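Report on one structure; see the data block that follows.
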Amino acid sequence: MTALPVRLAPALLLMTCAMPATAQIAPAAPQPTSALPVTGSVPDLCILGDPRLDTGSAALNVNALTGRILRIAALTDPTNLSTRPVRASLAFDAACNYPYTLTVASRNNGLWRQTIGTPTPNGFGNAVPYLADVTWQENSVRLDADATTRAPKSAGFSSATAAAGTITIDFRVLPGATNALANAPLVAGDYTDTLTVTLGAQ
């Protein structure tokens, strides 16, 4: 009955001796740190590439797109000297990294004969109206260059978000369209207009 305290005493002694050994491990020294902020900024920018003929849409009565010049093959029908139909889909790679406005503008409001001041005979047309449907992302607008007056005309839309992708312009001349009566003959000469696409701030 008296032997139990004797057997437990060495175990208690060993445990008591092991505790100071554990307490002697020193904590690791704190490592020095230095925060280095890195900053940068991106300016408001829009980019617009050169136009190209959209290969996914068949062109009608168009010779080629040479640089930025769209060349119509034959503006008049030889049977009545009035306007032949024209269709071309143009594509531009573009991006705006901030809310933007897209504007398409016609210099002349139609294809006008370059010779200015020459009288136009009665019953003849000296300008050809056209339509230009512009689409980018979910936005679209139509420029109706109706050739009623020779003056600049524009159309456009705004977006509250940035955008990137392909702008398309569906350019169309309807058969027989002139600034005179429908199917009126056109006076001989060179007919031209300039379409300008602009991306910028709202």
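The values are calculated or read from the model by the stated rules, or taken from the named source; none is laboratory data. The shown structure was predicted, so the numbers you read here are calculated from the model rather than taken from an experiment. Virtual Cβ from ideal backbone geometry, glycine too; neighbours counted across all protein chains shown. Ligands, DNA and RNA are stripped out before the accessible areas are found, and what is left, the full protein with its side chains, is counted by its heavy atoms. Shrake-Rupley method; radii C 1.70, N 1.55, O 1.52, S 1.80 Å.
Of all residues in segment 54-79, those satisfying the criterion of being surrounded by fewer than 14 Cβ atoms within 10 Å (Cβ to Cβ), part of a loop (DSSP other than H, G, I, E, B) and either among the polar types (S, T, N, Q) or in contact with a strand residue (DSSP E or B) (Cβ under 7 Å, 6 or more places away or on another chain) (or both) are Thr55, Ala73, Thr79.
Suppose we keep only residues that are part of a loop (DSSP other than H, G, I, E, B) and polar (S, T, N, Q) within segment 109-136. Which one would you say is nearest to the chain's Cα centre (by Cα)? Among residues in segment 109-136 that are part of a loop (DSSP other than H, G, I, E, B) and polar (S, T, N, Q), the one nearest to the chain's Cα centre (by Cα) is Asn109.
Among the residues making up segment 137-186, a single one is open to solvent by 50 Å² or more (accessible area, probe 1.4 Å), under 22 Å from Asp54 (Cα atoms), over 12 Å from the mean Cα position of the chain (by Cα) and aliphatic (A, V, I, L, M): Leu174. If the condition is being modelled with pLDDT of 95 or more and either part of a loop (DSSP other than H, G, I, E, B) or closer than 17 Å to Ile69 by Cα (or both), then segment 137-148 contributes Asp146, Ala147, Thr148.
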